[in-house]
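The values are calculated or read from the model by the stated rules, or taken from the named source; none is laboratory data. Treat the numbers as computed from the prediction; the structure is a model and nothing was measured. So basically every Cβ, Gly included, is an ideal-geometry build from the backbone, and we count neighbours across all protein chains shown. Calculation scope for accessible area: heavy atoms of the full protein, side chains included, ligands and nucleic acids excluded. Shrake-Rupley method; radii C 1.70, N 1.55, O 1.52, S 1.80 Å.
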Amino acid sequence: MRIILLGPAGSGKGTQADLIMETFGFPKISTGDLLRQAVQQGTELGKKVSEVMKVGNLVEDEIVLKLVEERIQLPDCRQGYVLDGFPRNLNQALLLEKMVKESQEIVFEIEATEEEILKRLAGRRVCLQCQAVYNINNDNNKTDNSYRCNNCGSKLVIREDDKPEVIRERYKIYIRNIKPLIDYYAGKGVLFQIDGQKPVEEVFRAIKSIIEKKLSNYSVSSGRR
Ligand code: ADP
Ligand code: AMP
């Protein structure tokens, strides 16, 4: 089972991917997290992509594809995985299609307005050690006054690309690329549109029921019950 989360930065992809992981056990693969780790560790890859990421542009397709390819080969992805932030354009979707074998696929487009995203990302705080995400405003996953990560105790930071001008640039890039992707997955009959403006639990309820339905159809048709 391959679950793909599409949506602009701030629509809640990472938050929902974590909930899917907790509920169904499918690991989250966030290309943004993998790239940020490389930057944080100062690897060759990190040095190469750091400037591009800072201004909100997309990293080269081949680079992200390689990260995904390496990650989905690990044993924990055997039953399924969640792709968060990949694919970002039609070319990446076509490259992914060529690379993967399993056919079960669900694609969620999590929709949210630019206004909502700007508000959310102004309050986003992240842990660069364990990739946990918080918000200083929302009740859900609210940071406490220590601004430390509940998981690992590291100091929470504002992402370099969560500045209003960079958020607007990322949103523009998203809008430019999303239509062909949506058409592609709608054409395959695997696309579900989700209202991402709702509270976290409500968004997850919608996603969860679709995954459950797909999983039960799958076990019936493949005799896996
Ligand atoms: P993305 O992965 O799409 O960039 P995140 O999951 O990091 O988005 O969410 C962006 C910010 O908005 C985070 O601070 C998160 O806590 C918060 N958030 C996520 N989903 C919602 C929601 N449905 N309502 C309000 N805030 C949310
Ligand atoms: P995200 O954490 O998904 O918001 O991604 C942060 C940044 O990482 C993006 O603005 C891009 O610079 C880069 N990035 C993440 N995923 C991709 C991708 N699939 N293709 C190209 N660049 C990506």
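Check cross-link reach from Lys208 to the aspartates and glutamates: straight Cα distance under 18 Å, and skip same-chain residues fewer than eight apart.
Asp18, Glu22, Asp84, Glu105, Glu109, Glu111, Asp195
Return the carbon/sulfur percentage of the accessible area of the chain, one whole number, probe 1.4 Å, all protein chains in place.
With neighbouring chains kept in place, the figure for the chain is 50 percent.
Toward the positive end of the charge dipole of the chain, about the Cα centre and with charges on Cβ (Lys, Arg +1; Asp, Glu -1), which of Phe24, Asn89, Asn141 goes farthest?
Working it through, the farthest residue towards the positive pole turns out to be Phe24.
So which GluC sites (Glu not before Pro) in segment 42-132 pass both tests, a DSSP loop state and at most 14 other Cβ atoms within 10 Å of the Cβ?
Glu60, Glu102
Using a 1.4 Å probe on the protein heavy atoms only, what accessible surface does Ile194 show? Give it in Å² to the nearest 10.
For Ile194, the solvent-accessible surface is approximately 10 Å².
Comparing Asn151, Asn137, Asn177, which has the greatest mean-square fluctuation in the GNM of the chain with Cα pairs linked when under 10 Å apart?
Top of the fluctuation ranking is Asn151.
What residue among Val52, Val203, Val82 has the largest mean-square fluctuation in a Gaussian network model of the chain, using Cα springs under 10 Å?
Comparing Val52, Val203, Val82 in a Gaussian network model of the chain, the most mobile one is Val52.
Would you mind checking which residues have amide H under 5 Å from Arg148's amide H? H placed 1.01 Å from N; only 5 or more apart, or other chain.
HN-HN under 5 Å from Arg148: Leu156.
GNM, the chain, Cα, under 10 Å: largest mean-square fluctuation among Gly85, Gly187, Gly56?
Gly187
Trypsin sites (Lys or Arg not before Pro) within segment 78-128: which are DSSP loop residues with at most 11 other Cβ atoms inside 10 Å?
Qualifying residues, ordered by number: Arg78, Lys101.
Show the residues, 5+ positions off or on another chain, whose built amide H is closer than 5 Å to the amide H of Gly7.
Ile110
Round to the nearest 10 and give me the degree value, 0 to 90, for the angle of helix 90-99's Cα axis relative to the longest principal axis of the chain.
50
Can you give the accessible area per residue of the chain, in Å², using a 1.4 Å probe?
53
Taking the Cα centre of the chain as origin and charging only Cβ (+1 Lys, Arg; -1 Asp, Glu), how large is the dipole, in debye to the nearest 20?
260
Which value at 222 nm does the chain reach when only helices count, each DSSP H run of 4 or more adding -39,500 (n - 2.57), with the total divided by all residues and rounded to the nearest 500 deg cm²/dmol?
Mean residue ellipticity, 222 nm, calculated: -16000 deg cm²/dmol.
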